[in-house]
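*Asks:* The structure that follows is given in the form of C-alpha cells.
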Amino acid sequence: MSLNSFGHLFRVTTWGESHGPALGCVIDGCPPGVAVDADLIQHWLDLRKPGTSKYVTQRREPDAVEILSGVFEGVTTGTPISLTIRNADQRSKDYGDIADKFRPGHADYTYFTKYGVRDYRGGGRSSARETAARVAAGGVARAALGAVAPELTVRGAMVQMGDRTIDRAAWDWAEVARNPFWTPDPQAAQDWADYLDGLRKTGDSVGAVIEIVASGVPAGLGAPIYGKIDTDLAAGMMSINAVKGVEIGDGFAAAALTGSANADEMRMGADGPQFSSNHSGGVLGGISTGQDLVVRFAVKPTSSILTPRATIDRFGNDTEIVTKGRHDPCVGIRAVPVGEAMMACIVLDHILLHRGQVGENRGVIG
C-alpha cells in the first residue's frame with residue numbers, strides 16, 4: 001500500500017520522522033528539462049522553517065535541502081527526484097516523560113492502537129515536521145509550473161486566528177511578507193501579535209484559517225466524477241497535519257445563500273467568458289473554470305501545551321500529562337507555505353493529466 005504518496009502523474013512520496021536523522025521526499029513524474037537547483041527549493045523551505053520569529057517553535061533547524069537524484073547540470077532529467085533534509089536540533093529527551101503516556105489531541109493513542117508501537121519523540125511521522133518534505137516538493141512543482149503555465153501564481157495567507165478574522169476590504173497581498181502571521185491585513189497583524197503574546201505566556205495555543213489562491217489557472221483541469229480537481233485539493237489540504245476542515249470557494253457559507261445569489265453569472269468578454277463572482281472557488285463539476293482557485297483550511301490549536309491535562313498511559317492507568325519541548329502557539333502560522341506547496345503540486349498534477357488525456361481544450365465558445 002502506497003499510503004505515504006499523493007498525486008497521479010506528478011507523484012510525491014514523503015518519508016522520515018520528526019526526530020530521526022533526516023526526512024525528505026521522492027518526486028516521480030516531473031517533466032524533464034525544468035531548471036531546478038537547491039537554492040530554488042531552499043527559498044520555499046526558509047519560509048516554513050522553525051525559529052523565524054517568537055511566535056513559532058524555537059527549534060533551530062536549517063532545513064538545508066540536498067538533491068540526491070533526478071537533476072543533472074541544473075535541469076530535471078525526467079527520472080525520480082530525491083530530496084533530503086537533515087534534522088539538526090532534535091531534543092528527544094524532552095519527550096522521555098511521555099514515552100508511556102498518550103498526549104490528548106495528538107496521534108499517540110491512534111498510532112499505538114493501529115501499529116502497537118509509536119515514536120514518542122515529537123510524534124514521529126505525525127509531527128508537523130513532515131511538512132518540510134511537502135514544501136520541498138512544492139518548490140519543484142513551482143519550477144515546473146513556471147515552464148508549463150508561466151502565468152500561473154500560487155499565494156496564501158492567514159485569514160483568521162482563533163475567533164479573530166481579517167478585514168477583507170483591507171486585503172493587501174504585499175502585506176503578507178511584512179508580518180510574521182502571513183496576513184494580508186496590517187491591522188489584524190498588530191491585533192494578533194498582542195493576542196498571541198498573551199497565549200504564549202499562559203502556555204496555551206490557538207487555531208487558524210488559511211486561504212490559498214491559485215491565479216492564472218487554465219480552464220478545463222479536473223475530470224468527473226472521481227478525478228475532480230477540488231476532490232484532490234480537499235484531500236491534499238486535509239492531509240496536512242492538524243487540519244480539521246477544508247472548503248472550496250464559499251464552502252460552508254454557500255449553504256446560507258439562495259441559488260440566485262450563489263450563481264456565478266457569465267457574460268462574453270473580449271477574451272472569453274467573464275464571471276460576475278467566484279462563489280464556486282474556480283471549480284464547477286470538478287473542472288476548473290479559469291477563475292482563481294480558492295481553498296481554505298482550518299488548523300486546530302497546537303495540542304502540545306504546558307497546561308496539565310488528564311490522560312491515560314499504555315498500561316491503562318489514569319494519569320496527567322504536561323507536554324515539554326518547543327512548540328508553535330499557533331501552528332497555522334507555518335501552515336501557509338505548506339498549503340501553497342500542496343496547491344502547486346496538485347495543480348501541476350492536473351495540468352499533466354489534462355495534457356495526457358485531452359491535450360488542448362476541445363470546447364470553443366463563439
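Every number in this text was worked out from the coordinates using simple rules, so none of it is lab data. These numbers were taken from a predicted model, which means no experiment stands behind them. Here Cβ is always computed from backbone atoms with ideal geometry, including for glycine, and neighbour counts include all displayed protein chains.
*Asks:* Taking amide H atoms as placed 1.01 Å from N in the peptide plane, list the residues 5 or more away in sequence, or in a different chain, whose amide H sits under 5 Å from that of Val283.
*Replies:* Amide H neighbours of Val283, under 5 Å, 5+ apart: Thr289.
*Asks:* Report the net charge of residues surrounding Pro273, where surrounding means a beta-carbon distance below 14 angstrom and charges are Lys +1, Arg +1, Asp -1, Glu -1. Numbers along the way, then the final one.
*Replies:* Working: positive: Arg267; negative: Asp264, Glu265, Asp271.
Here the charged neighbours net out to -2.
*Asks:* Taking Cα atoms, how many degrees apart are the long axis of helix 186-202 and the longest axis of the chain, rounded to 10 and kept between 0 and 90?
*Replies:* 20
*Asks:* Please work out how much length the chain gains when fully extended from Ser276 to Asn361, using 0.36 nm per residue of separation minus the C-alpha to C-alpha distance, in nm with one decimal.
*Replies:* Computed gain between Ser276 and Asn361 is 28.3 nm.
*Asks:* According to a simple spin-label model (label point 7 Å from Cα along Cα-to-Cβ), what is the distance in nm between Ala219 and Tyr115?
*Replies:* A separation of 4.7 nm, rounded to one decimal place.
*Asks:* For Ser5 and Ala88 in the same chain, what is the full-extension length gain: residue separation times 0.36 nm, less their Cα-Cα distance, in nm?
*Replies:* That works out to 27.4 nm of additional length.
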